[in-house]
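Notes for the one structure printed next.
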Amino acid sequence: MKVGTFLCNCGGSLDNLDWDELQSFMKDKPGFCVYHESLCSQEGKNFFKETVNREQPDSIVFGGCTPKTAGSLFEDVVKEVNMSPYQMVGANLREHIGWIEPDKTLATNKAKAVLLGSYNKANYGTNVEKHRIEIQDAAIVIGAGPAGIQAAQDLAEKGHKVHLIDRNPYIGGNSAKMGTFFPSEDCATCMPSNGIKGIDQSHVRRCHYRSAFDLHPNIDLYINSEIEDIKGSLGNYTTEVKVKPTYVHMDKCINCNLCAQACPVENPDEFNLGMVKRKAMHLPVGVSTTTKYVVEREECPDGCTECVKACPVEAIDLNMQETTKTINAGGFVIATGFEEFDPRLVEEYHYGVPGYENVVTQTELARLLDLAGPTLGSLKKKNGDPVESIVIINCVGSRSTKYNIWCSNICCMIGIKHAIKIKEKDPNIDVTCCYIDIRAVGSNYEEFYNKARDLGVKFLRGRPAEVETDGTTLYVQAEDSQADQFVTIKTDIVALSMSMVASPGAEELAKKLKVDISDTGFFKALYSKFKTTETKKAGVFVAGTAVAPADIPTSLNRAGYAASHLDMLLSKGTVEKKFPTAVIDDDKCTLCELCVTACPFGAIEVIPVANPGVKMQVDPVSCLGCGQCVSTCPAAAIGVDYYSEDIILSQLEGLLYDAKDNLDPLIVTLACWECAYSATDASGMAARTRFGEVTPETYDHTVRILPVQCTGNISARLIQKTFAMGADGIIVLGCYEDKCHYDSGSQASTIRVALLKQMLQFSGIDPQRLEKQTTFFMSSDRFTTVANKMAKTLKELGKLER
Amino acid sequence: MIESTELIGEFKGLYDKVKLCYQCGTCAGGCPVFKQYSRFNPRRIMEKLLAGEFTKEVFEEQQIWYCTGCYTCSTRCPQGIDIGHIINEMKNMAVKVKNAPEGIIAEMTAILETGVTAGISQSAMKRRVKLELPELPPPDLSEIQKLMEVTGVVAKLNSLKEHAN
Ligand code: SF4
Ligand code: SF4
Ligand code: SF4
Ligand code: SF4
């Protein structure tokens, strides 16, 4: 192995290092060592390339600025000399030393340690195996509500095959029931069009029934279908879909209604609150013809074939069987939406209790107000009686530590939308909205709220305590908190703005997809600021209200965002994975399977082999190289490229080269390469501006930093060996537990460090010699505070006796 | 609230929950006292606590004593705040610092001396006869007094009285 060391003075800003001494120190080592005043200048880069081309090293040590900047500054140059970025190991002489430590002797000695550590690592050989991933150019969109339709259309227009799956026998999801949307007050069955304004006629929007979106050559629609099983990883997922029979061939049915006319069976129409009847053969959503007629087969009398006889196009097959389809796709968009929180759980409003039939949810009220609904759009009581007044109760089940902690985002506005609709149709109906706060936060929402007030809708600030009845009328009891008055409102209908909760089956689907569900029960997005539609599983995106409550515009935006990210993947055809992957040594593995459960990404699978029966296999596509398997494996059978235990130990050997002779206790900080390492850089950047002064950003010269991919990689063995090699104290520095870049790595290391501290105590070692700290880039003082505290403690405790 | 947490540390745990109150008025809307008498408003009591007016309530305004302890508010509060319990604790603390309204002292004294807070009225008696209800037996005063003695009510009452003088 030939290692070339490049030293850089960063334009002279690191003059407090003794460069001559560093050069002569490194010149002893096999390979070569060169110095340049500023390597990232054009001239410096040429010097770098010429030297590499002439000397042909196998790997490089870059002693200068932080590897975070050196890595990107030299990315192209490294490529030009045909090396991989993993063949260049950084030695952070700037942020970790030159900008922090004014004492030349101390700084130079620390620089030697850091250089030697990086030299050892480079000398070990650090190349990372590349993995090519073929991406199947097809997507599965689960859920055909507004978000699913949007995502499917976007992906289809971008040229990808889309399989759109919904468990209902109709499309539109919850929106199919809503009649109209706010604040646009347009139809809920109106959908976005992908037409381009001025180029074709279909710009802006279209009705479901004429959108013919399911006829798009790239879209395959599966209604009445459910996901059975999912296998595979990014680029190559195999999905089994159970297609339940509707008994009508969608491609043949022309929606003429002759079958329903002929059908002798009549039952209450659940879609319309059971207030009207429908046939056993029926169209599930009256106004949408995108989906076709379906038969409620269990309602058919034996031997009846009236519908079959009536159908002019032979579209009906009463013997249709359930089938299972296997679909291959490169990725997913989850758009499974939400359901209304069970109103019966908020007992004081008596939903569902006999005598309280006119206590309804907003979705049910939407049916009552829908022209295609059971009352043809005029507000009536369940028994058909006219209505003089209605009370709308907001926040039912939302914003509550008792029910659901979150604000459901849309309930205030749905209530207002319905209030407006009622008033516009009949100004004589008395409408009262009871609220805690009106959250009119979206675009045009406040105007919409004003409109309701203009129309005479009453707003009462007070969450009702009870709804009672005398058998005919409902009585809503509340405090009018703006008047400090108790009020009882006599009313015909009470409409509850129910909280939004995750759609049933979300958890089961999450298990199949190997993604997480958050505390709220909705699908967990990778991060809360960006990547809001990505999940922890590569290629699996989440859109609409499947990820969190939202209004329609937000749902659609999420869908577009998810589709465009999936498009980026699908259009690539193949992608190359260039970062570290876990490798299992089958000879050492004892088949305990602990790694399988330790991996947060489901990347390790137990696969059958002839001898000894099974083996552990890492799927390099799903593995992110965090090393949580490494620290869990009791047999030390797993290593991660670039950060294997052997590599880390060789680097440590250099980093602690002077441990024996140095009179000061030495502290090793094992920092994750993400926020934590950045925080150590940040302290250097901040200290530089007040160089030589002791500021909150500076830290003791005895603190030496070594990067790992994630603190989840740090095993008890590694801690023990680090002490054995000469560390007198160890800081494990990671991201905040809930913001770990590898799901649960930082949490795992926090737990591990706590346990190890107890073990240290048992073996007579002061547990203050080991600490875990979490940080962001911008909160580097969290690092310097523990570092300085530990340095102070160790100066009292002295060096660790070995 | 700072003053009161300093005043009585044990109240702290309850106060932590009060912080969740967003003044929705559910408690008031269900309170049987508020329905009849709008000056007693459990939501306003919570508001006072949020505003740090614990002592003002306990020592000056003394509305808490109107609460019947029915706990309807506690079962209804969407934030899970145990309002009834909090009011009860406030009453206990008021007694601890020997501060209760005269009316309460008078009621306690009446129970101790006669077994009831208020004797049954003549008209009520007549109505009972009309409804053919049996005659009410007189309260067992010695039992009541024993009960009040062993539960420490008598001692509390004496200290309240002493303080009032
Ligand atoms: S390194 Fe991390 S992602 Fe890869 S297999 Fe191990 S635990 Fe899973
Ligand atoms: S944890 Fe280690 S020993 Fe156990 S199965 Fe995994 S690789 Fe094998
Ligand atoms: S019900 Fe609860 S949250 Fe609402 S005002 Fe009363 S104490 Fe506050
Ligand atoms: S416990 Fe007191 S405040 Fe609460 S509802 Fe009953 S009387 Fe009102």
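Annotations for the structure displayed:
- Overall shape: rounded for the stretch A:369-509, with the ratio a/c of the largest to smallest alpha carbon gyration tensor axis below 1.5.
- The alpha carbon convex hull volume per residue for the stretch A:368-447 rounds to 119 Å³.
- Compared with the dominant principal axis of the Cα atoms in chain A, helix A:675-688 is inclined by about 60°.
- Flagged links, alpha-carbon separation over 26 Å, of B:91/B:126; A:68/A:110; A:121/A:739; A:578/A:739; A:79/A:529; B:19/B:91: B:91/B:126; A:121/A:739; A:79/A:529
- The stretch A:336-395 and the stretch A:296-330 have Cα centres lying 33 Å from one another.
- When only alpha carbons of the stretch A:1-130 are considered, Rg and Dmax amount to 13.5, 43 Å.
- Close amide H contacts of residue A:708 (hydrogens built in the peptide plane, cut-off under 5 Å, sequence separation of 5 or more or a different chain): A:671, A:672, A:673.
- Euclidean distance between Cα centres, the stretch A:233-293 to the stretch A:491-529, Å: 26 Å
- Reducing the stretch A:49-105 and the stretch A:690-744 to their Cα centroids gives an inter-centroid distance of 21 Å.
- Put simply, when B:46-54, A:552-560, A:760-768 are sorted by average Cβ atoms within 10 angstrom per residue, most first, you get A:552-560, B:46-54, A:760-768.
- Nearest-20 debye value, the stretch B:38-108 charge dipole, Cβ charges on Lys, Arg, Asp, Glu: 120 debye
- Global form of chain B, assessed from the alpha-carbon gyration tensor, a/c cut-off 1.5: oblate
- For residue A:451, a cut-off of 30 angstrom between C-alpha atoms picks up these lysines, skipping any fewer than 8 places away in its own chain: A:177, A:380, A:381, A:382, A:417, A:421, A:423, A:425, A:490.
- Overall form of the stretch A:407-454 per C-alpha gyration tensor (a/c, 1.5; a/b vs b/c): prolate
- When the charge dipole of the protein assembly as shown is built from unit charges on Cβ atoms (+1 for Lys and Arg, -1 for Asp and Glu) and taken about the Cα centre, the candidate among A:774, A:189, A:280 whose Cα reaches farthest toward its positive end is A:189.
- Packing here is the average count of other Cβ atoms within 10 Å per residue, and on that basis the peptides A:706-712, A:534-540, highest first, run A:706-712, A:534-540.
- Here the stretch A:704-802 is treated with +1 on each Lys and Arg Cβ and -1 on each Asp and Glu Cβ, and its dipole about the Cα centre works out to around 280 debye.
- Likely footprinting exposure, A:154, A:484, B:16, fewest C-beta neighbours within 10 Å first: B:16, A:484, A:154
- Debye equation applied to the C-alpha atoms of the protein assembly as shown, log10 I(q)/I(0) at 0.06, 0.07, 0.08 Å⁻¹: -0.66, -0.84, -1.00
- For A:476-485, mean number of other protein chain Cβ atoms within 10 Å: 5
- The stretch A:581-629: relative contact order in percent, alpha carbon pairs under 8 Å with at least 6 residues between: 44 percent
- Using the Karplus relation 6.51 cos²θ - 1.76 cosθ + 1.60 with θ = phi - 60°, the per-residue 3J(HN,Hα) values for the stretch A:239-256 come to 10, 9, 10, 8, 9, 7, x, 9, 6, 10, 6, 4, 6, 9, 4, 10, 6, 7 Hz, with x marking Gly and Pro.
- 222 nm mean residue ellipticity, helices alone, for chain A (DSSP H n ≥ 4; -39,500 (n - 2.57); rounded to 500): -8500 deg cm²/dmol
- For the stretch A:351-496, relative contact order (Cα pairs under 8 Å, six or more residues apart, normalised by length) works out to 27 percent.
- In this simple spin-label model, placing a label point 7 Å from the Cα along the Cα-to-Cβ direction at both residue A:470 and residue B:38 gives a separation of 2.2 nm.
- Neighbourhood net charge (10 Å Cβ-Cβ; Lys/Arg +1, Asp/Glu -1) for residue A:771: +4
- Cβ-based exposure ranking for B:162, A:340, in which fewest neighbours within 10 Å come first: B:162, A:340
- Distance (nanometres) between label positions extended 7 Å along Cα→Cβ at residue A:383 and residue A:490: 1.7 nm
- Cβ crowding within 10 Å ranks A:568, A:685, A:281, A:88 as A:568, A:685, A:88, A:281, fewest other Cβ atoms first.
- Aspartates and glutamates whose Cα lies under 18 Å from that of residue A:158, excluding same-chain neighbours fewer than 8 positions away: A:137, A:200, A:214, A:220, A:567
- Near residue A:392, the amide H atoms lying under 5 Å from its own belong to A:432, A:433, A:434, A:495; only residues 5 or more places off or on other chains count, and H is placed 1.01 Å from N.
- Dipole axis of the stretch A:110-156 (+1 Lys, Arg; -1 Asp, Glu on Cβ), positive-most option in A:120, A:147, A:131: A:120
- What the Cα atoms of the stretch A:67-188 give is an Rg and a Dmax of 27.8, 77 Å.
- Normalising the Debye intensity of the stretch A:581-629 to I(0), with uniform scatterers on Cα atoms only, and taking log10 at q = 0.23 Å⁻¹ returns -0.80.
- Under 18 Å from the Cα of residue B:98 - lysines, other chains or at least 8 residues apart: B:56, B:156, B:161
- Entry note: the stretch A:226-313 has Rg to Rh equal to 1.10, where both radii use alpha-carbon atoms and Rh is the Kirkwood radius.
- For chain A, size of Cβ-based charge dipole, Lys and Arg +1, Asp and Glu -1, in debye: 760 debye
Where a number appears in this text, it was derived from the coordinates with a stated rule and is not lab data. Everything numeric here is computed off the predicted structure, so don't read it as measured data. Using ideal geometry, Cβ is built from the backbone for each residue, glycine included, and neighbour counts are taken over all protein chains shown.
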